[in-house]
Amino acid sequence: MKDCIFCKIANNEIPCTKLYEDEKVIAFKDIHPAAPIHVLVIPKEHITSVNDINESNKLIISHIFITISKIAKDLNIDKEGFRVITNTGERGGQTVDHLHFHLLGGRNLGWPPG
Ligand code: 5GP
Ligand code: ZN
């Protein structure tokens, strides 16, 4: 989608530190890391938020979680633990309107979040 920063990253129009890519998804380091490990996993297809997940795009979600599982193993945080977060909408703190999953790890993560 035009003017979407994550679509631009998916199309290689904006550089990023890529950890994984295939035809459907891309994973890259968050530009403002909130933890020692902070990776964003996104569908290449523009989906605005969790509110827009439906029957027609549901397979991408399992693919994203399989990707997250692989990355957590690659980064050696699978055993110690990590967190996956998707902020949604204004109250959820979503600042980029292209569906993304934060993979956070490398430190103890507090609960509940702010
Ligand atoms: P949200 O606030 O929507 O849950 O998450 C958006 C995330 O995208 C933020 O953690 C922010 O640091 C990250 N971000 C925003 N713009 C860019 C960018 O151009 N490159 C990268 N790598 N991360 C970005
Ligand atoms: Zn987009």
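Got a sec? Which strands (runs of 3 or more DSSP E) wholly within the range 1-99 have at least 1 residues that are more than 28 Å from GLY114 (Cα to Cα) and among the basic types (Lys, Arg)?
Numbers: elements: 18-21, 25-29, 37-43, 82-85.
Strands (runs of 3 or more DSSP E) meeting the threshold: 18-21.
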Which condition number does PRO112 fail, the rest of (1) within 16 Å of ligand 2 (Cβ to nearest atom); (2) assigned to a loop (DSSP other than H, G, I, E, B) being met?
-> (1)
Only residues in the range 29-48 that are open to solvent by 60 Å² or more (accessible area, probe 1.4 Å) count as the first member; pair them with residues that are in a strand (DSSP E or B) and among the β-branched types (Val, Ile, Thr), Cβ under 8 angstrom, at least 6 apart or cross-chain, and list the lot.
-> LYS29/VAL39
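For the range 69-80, state whether one or more residues are surrounded by fewer than 17 Cβ atoms within 10 Å (Cβ to Cβ) and either within 14 Å of the chain's Cα centre (by Cα) or within 16 Å of ligand 2 (Cβ to nearest atom) (or both). Before the answer, list the steps.
Kept after step one, since they are surrounded by fewer than 17 Cβ atoms within 10 Å (Cβ to Cβ), are these residues of the range 69-80: 69-70, 73-76, 78-80.
Next, only the ones that are either within 14 Å of the chain's Cα centre (by Cα) or within 16 Å of ligand 2 (Cβ to nearest atom) (or both) stay: 69-70.
Scanning the range 69-80 turns up at least one residue that is surrounded by fewer than 17 Cβ atoms within 10 Å (Cβ to Cβ) and either within 14 Å of the chain's Cα centre (by Cα) or within 16 Å of ligand 2 (Cβ to nearest atom) (or both).
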Scan the range 1-28 and report the pairs whose first residue is over 11 Å from HIS98 (Cα atoms) and free of Cβ contacts under 8 Å to residues at least 40 places away in the same chain and whose second residue is among the polar types (S, T, N, Q) and within 11 Å of ligand 1 (Cβ to nearest atom), with Cβ atoms within less than 9 Å and a gap of 6+ or a chain change.
-> PHE28/THR17
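The values are calculated or read from the model by the stated rules, or taken from the named source; none is laboratory data. Treat the numbers as computed from the prediction; the structure is a model and nothing was measured. We place every Cβ from the backbone using ideal geometry, glycine too, and count neighbours over all the protein chains shown. Accessible surface areas use protein heavy atoms only, side chains included; no ligands, DNA or RNA. Shrake-Rupley method; radii C 1.70, N 1.55, O 1.52, S 1.80 Å.
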